[in-house]
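K.L.:
Submitted below is the structure of interest, expressed as structure tokens.
The values are calculated or read from the model by the stated rules, or taken from the named source; none is laboratory data. Everything numeric in this text was worked out from a predicted model, so none of it was measured. Cβ sites come from the backbone with ideal geometry, for glycine too, and all protein chains shown count toward neighbours.
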Amino acid sequence: MQIEDLYQEHHASILRYLQRFVSDSQAEDLTQETFVKASNGLKDFRGEASPKTWLYRIATNTLRDYLRSKVHRHDEICDSISEQELERCGNSAHIEASIESGVIRTEMNACIKEFIHKLPENYSAVLVLSDLEGHSNQEIADILELTLGDVKIRLHRARARLKAELSKGCDFSHNKDAELECQRKDT
């Protein structure tokens, strides 16, 4: 097993995973740090877990270290509609509708991401790995070094807590295009 092969195969998924917690530029830095650590530790890899699980564990620990560091601060999430989406739209009415829809999605994603970040780390990690990254409970158990039962319990509690926090902090409704919108409650 070569680090170059691991990088080629898993770079995109590790980056996407880290982007769920931090800004794109921070995620890129943490991804690079993950692969440096993996390269340094490759000689000690015993194969007790799959290489993918091993890399996610390194990424998770790297993220934890970063989040605990004094350097960490929450950055604004800035997503924009891609140029391809704009080109597909054709006329300005479609462009405006697409932009409005994109802004709504961006705001919703930012809102949900913010609420996930406010959860305790043990809850946010299982939520992201399961619901956003699509890992199985067993993979999550391996990545976070937990029992399968602990993962199931944390996932259930995390979803319940997120739902409660979202309902305390947001009013949800549908716009004229039947898209879900979130309006922050005044606190």
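K.L.:
Mind telling me which of the residues 39, 69 ends up being without any contact (Cβ under 8 Å) to a residue 12 or more places away in the chain and hydroxyl-bearing (Ser, Thr, Tyr)?
P.N.:
Numbers: 39 fails: without any contact (Cβ under 8 Å) to a residue 12 or more places away in the chain.
The match here is 69.
K.L.:
Among the residues that make up region 130-142, is at least one of them modelled with pLDDT of 90 or more and not in a helix (DSSP H, G or I)? First the steps, then the outcome.
P.N.:
Filtering region 130-142 down to residues modelled with pLDDT of 90 or more leaves 130, 135-142.
With not in a helix (DSSP H, G or I) added as a condition, the list becomes 135-136.
Yes, region 130-142 contains a residue that is modelled with pLDDT of 90 or more and not in a helix (DSSP H, G or I).
K.L.:
Between residues in region 109-133 that are within 10 Å of residue 20 (Cβ to Cβ) and residues that are small (Gly, Ala, Ser), which pairs lie under 7 Å by C-beta distance while being six or more apart or on different chains?
P.N.:
The qualifying pairs are 116/124; 117/124; 127/158.
K.L.:
For residues that are loosely packed, with under 11 Cβ neighbours inside 10 Å and among the charged types (D, E, K, R), tally how many sit in region 135-170.
P.N.:
Residues flagged as loosely packed, with under 11 Cβ neighbours inside 10 Å and among the charged types (D, E, K, R) within region 135-170 amount to 1.
K.L.:
So, in region 42-65, how many residues would count as being in a helix (DSSP H, G or I), in contact (Cβ under 8 Å) with a residue 24 or more places away in the chain and over 16 Å from the mean Cα position of the chain (by Cα)?
P.N.:
4
K.L.:
Taking the residues in region 172-182 that are at pLDDT 70 or above and loosely packed, with under 11 Cβ neighbours inside 10 Å as candidates, determine which candidate is nearest to residue 115 (Cα to Cα).
P.N.:
Across region 172-182, the extreme among qualifying residues is 173.
Condition check ((1) modelled with pLDDT of 85 or more; (2) among the hydrophobic types (A, V, I, L, M, F, W, C)) across all residues:
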residue	(1), (2)
61	yes, no
80	no, no
121	yes, no
146	yes, yes
155	yes, yes
